[in-house]
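Colleague: Pasting in a structure now, in structure tokens, and then I'll have a few things to ask.
The values are calculated or read from the model by the stated rules, or taken from the named source; none is laboratory data. Quick caveat: nothing in here was measured; it's all calculated off a predicted structure. Cβ sites come from the backbone with ideal geometry, for glycine too, and all protein chains shown count toward neighbours.
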């Protein structure tokens, strides 16, 4: 029993008070307070921005000091002093150690501090120099963490003495907790999270934004495992799956080793990548200890040839007569060349430590970004409304400037002038004060035009911000687009190879679990999706009940981590990342692309621009065949530089546009033009000479006066194909939807390039032109503009016969899903 007492004051003033407190209760309460302080204020990261308080304070203070990437370096001691004096009431060594780690590219997948000087080495074999010698400034990624922090995007709280204010979380324009990982030991709990690849994590976050009910298996196709800054290999993925599901798991990290001839007589093992947080000095020391203890045989010598130019290079010479593979197996077993990483995803959510899986971590971050972007939009809208209020007031004054000047001159003082203006023009006090503060040189005719332009611009910006704030869909779209921009600008290729099992590790073959063959599909209604199957999921002509959006107008083979090209009607080829596309579910009685997403979510198209074709970016293919509305044809030499997101595939004449584009498979296809005056021209693709991307093409079909090209296609002459046309006119027909005809393709003879072709449909009375045309392989399917399925008429063997009436308008014909 603990006894707490106080000295007795004089009896006439106070009574003596003695409190009996159980020592167990006292220790329990005091320890809980201490434990919570350590958990919340020091050891565990916040799930929103992935920062411990010390890291968050360093970045915020560097932002406050103006240490941007385009500014000069300052001494680290200055930053540490500012952080310690204003925000972090702890020792300078703790602050400097945190700053150093954020500057180490071997510790952070995306470094947050740009260091100048000795910031240590891998495995801490060479410790960093003292803070009085090293210099630092913010790295570009740090700017993403504090971006828009001055726009009321996050809450602020008082610092330790109430003299300053600090953010409780950073806006975090990317999922820092997953990208850079975290480690910390609290009281009774700890966190240990590995780094991940920025592009993969953002792809999963964007998928979760588009599909809030996405399951873990889908997210793991985009984030198959950690991506360590030092590269190496991860052997066995079962522990990673457990960690992504439950928040706890383990995996093994291995060094990357190649067998080479290291001297005239010996072969050796060359280590170019080590496990995370393992340095070469630690490996060398362990090998020497094992050799001296005769626990490791076959090692002749170990050399560290690491330098700035070639990076890590640890050469282990193997004695003659020993199998290098067997020696390597001993090294993995006995040295730090193979280590175990224990994942423990513990982070703070609303101040409470929680153990979370991959989906929960992504959801917390996405919710945080929703809140940040919503608050930022509200702040910007408020600022623009305030400015619009002033501009409108000044415009009111400019309309009757003579009266304004008269009222001001006739007033005895500024207060009287303000009251007169308010009474005369019905202005607010803020508007009136702004008018009084405006110099006369701002009251010219030109300034009025500028103010009107500013008013219109502010109204447009306010409407856009209001649209974002009032629509969850627009908010999600904006957050997703901002994440995509971060991934595009700061993303890097994966460094760590994932090996499913020991057998996969033995032959050192990287396992790209999600880079499976697939096919990218474009539906008649502009929906994009990808299939799991690389060959059989398209063009199979499956029967049974049809579903909406089941007509595919273009398809391209790809891999899930690859890219395809989208050719637009304005002659642009835009790159499309396959991993961003939704995957179609397998099976189902009514196959459709209803699970796809609109093209506009992935590509920035101009007004009236549409995607006409999907194509692979394989430069070994025969290239693209393109036909335009004015009868130009072109075969494009496949030349797609990987560093360009947008390419020009044809130089179009003014007023012209692409009506059809097809990726040739063999180069032996027939090119087909169908014109509005019911002429069809067919000739071999070999009659068109391939040209470079900037070329303008050549004459493809001879057009009659007033005619234009309706359809262009490339058809394999050996395959079953057909031509479908719809004729219409001035509206005198009883059936307003016109007449249609389906004719076998082999009924149309080949002609020469740039000729007029042959008639493909005879017009009935009242019909003046074709309103729709298509040529391609059969079986084919038709659909309305909404994507609803329609039936095609029975084939008509007459090449120039007339059509049969339609009961519904056909908007598109294509292959079945």
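Colleague: Given the condition more than 30 Å from residue 180 (Cβ to Cβ) and either outside any helix (DSSP H, G or I) or modelled with pLDDT under 90 (or both), answer yes or no: does some residue in segment 269-292 qualify?
Modeller: Yes, that holds for at least one residue.
Colleague: Can you find a residue in segment 754-763 that is over 18 Å from residue 704 (Cα atoms) and either in the same structural domain as residue 799 (by TED's automatic domain parsing) or modelled with pLDDT of 90 or more (or both)?
Modeller: No, there is no match, as no residue in segment 754-763 is over 18 Å from residue 704 (Cα atoms) and either in the same structural domain as residue 799 (by TED's automatic domain parsing) or modelled with pLDDT of 90 or more (or both).
Colleague: Here is a list of conditions, (1) buried (at least 23 other Cβ atoms within 10 Å of the Cβ); (2) without any contact (Cβ under 8 Å) to a residue 60 or more places away in the chain; (3) outside any helix (DSSP H, G or I), and residue 260 meets all of them except one; can you say which number that is?
Modeller: Only one criterion is unmet by residue 260, namely (1).
Colleague: Could you tell me how many of the residues in segment 793-803 are under 48 Å from the mean Cα position of the chain (by Cα) and either part of a strand (DSSP E or B) or touching a residue at least 60 places away in the same chain (Cβ under 8 Å) (or both)?
Modeller: Here the count works out to 1.
Colleague: Next question. For residue 336, are the conditions met, namely being surrounded by 17 or more Cβ atoms within 10 Å (Cβ to Cβ) and modelled with pLDDT under 90?
Modeller: Considered against the rule, which asks whether it is surrounded by 17 or more Cβ atoms within 10 Å (Cβ to Cβ) and modelled with pLDDT under 90, residue 336 comes out as no.
Colleague: Quick check on segment 41-63. Is at least one of its residues assigned by TED's automatic domain parsing to the domain that holds residue 159, touching a helix residue (DSSP H, G or I) at 6+ places or on another chain (Cβ under 8 Å), more than 27 Å from residue 349 (Cα to Cα) and modelled with pLDDT of 75 or more?
Modeller: No, every residue in segment 41-63 fails to be assigned by TED's automatic domain parsing to the domain that holds residue 159, touching a helix residue (DSSP H, G or I) at 6+ places or on another chain (Cβ under 8 Å), more than 27 Å from residue 349 (Cα to Cα) and modelled with pLDDT of 75 or more.
The rows are residues; the columns are (1) over 26 Å from residue 563 (Cα atoms); (2) assigned by TED's automatic domain parsing to the domain that holds residue 619; (3) at pLDDT 90 or above.
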| residue | (1), (2), (3) |
| --- | --- |
| 656 | yes, yes, yes |
| 662 | no, yes, yes |
| 676 | yes, yes, yes |
| 684 | yes, yes, yes |
| 687 | yes, yes, yes |
| 722 | yes, yes, yes |
| 731 | yes, yes, no |
| 735 | yes, yes, no |
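Colleague: Being crowded, with 17+ Cβ neighbours inside 10 Å, at pLDDT 85 or above and either touching a helix residue (DSSP H, G or I) at 6+ places or on another chain (Cβ under 9 Å) or outside the structural domain of residue 325 (by TED's automatic domain parsing) (or both) narrows it down to one residue among 562, 571; which is it?
Modeller: One residue alone meets the criteria, 571.
Colleague: Please give the number of the condition residue 145 fails out of (1) assigned to a helix (DSSP H, G or I); (2) without any contact (Cβ under 8 Å) to a residue 12 or more places away in the chain; (3) surrounded by 15 or more Cβ atoms within 10 Å (Cβ to Cβ).
Modeller: Result: residue 145 fails condition (2) only.
Colleague: Out of the residues in segment 451-492 meeting the condition of being in contact (Cβ under 8 Å) with a residue 24 or more places away in the chain and assigned to a loop (DSSP other than H, G, I, E, B), tell me which one is surrounded by the fewest Cβ atoms within 10 Å (Cβ to Cβ).
Modeller: Within segment 451-492, the match that is surrounded by the fewest Cβ atoms within 10 Å (Cβ to Cβ) is 492.
Colleague: Six or more apart or on different chains, Cβ atoms under 6 Å: show the pairs whose first residue is in segment 66-94 and surrounded by fewer than 14 Cβ atoms within 10 Å (Cβ to Cβ) and whose second is part of a helix (DSSP H, G or I) and at pLDDT 90 or above.
Modeller: As it stands, the answer is 69/140, since those pairs meet every condition given.
Colleague: Being touching a strand residue (DSSP E or B) at 6+ places or on another chain (Cβ under 7 Å), surrounded by 17 or more Cβ atoms within 10 Å (Cβ to Cβ) and assigned to a loop (DSSP other than H, G, I, E, B), is that true of even one residue in segment 659-675?
Modeller: Yes, that holds for at least one residue.
Colleague: Moving to a separate point now. Could you please give the count of residues in segment 210-233 that are in a loop (DSSP other than H, G, I, E, B) and either more than 30 Å from residue 473 (Cα to Cα) or in contact with a helix residue (DSSP H, G or I) (Cβ under 9 Å, 6 or more places away or on another chain) (or both)?
Modeller: Here the count works out to 14.
Colleague: Condition check: surrounded by fewer than 18 Cβ atoms within 10 Å (Cβ to Cβ), within 47 Å of the chain's Cα centre (by Cα) and at pLDDT 85 or above. Does residue 749 satisfy that?
Modeller: No.
Colleague: I would also like to ask the following. With 790, 764, 806 as the choices, which residue is out of contact with any helix residue (DSSP H, G or I) (no Cβ under 6 Å at 6 or more places or on another chain), farther than 28 Å from residue 614 by Cα and without any contact (Cβ under 8 Å) to a residue 40 or more places away in the chain?
Modeller: Answer to the check: 764.
Colleague: When residues of segment 404-423 are filtered for being assigned to a helix (DSSP H, G or I) and surrounded by 14 or more Cβ atoms within 10 Å (Cβ to Cβ), how many remain?
Modeller: 9
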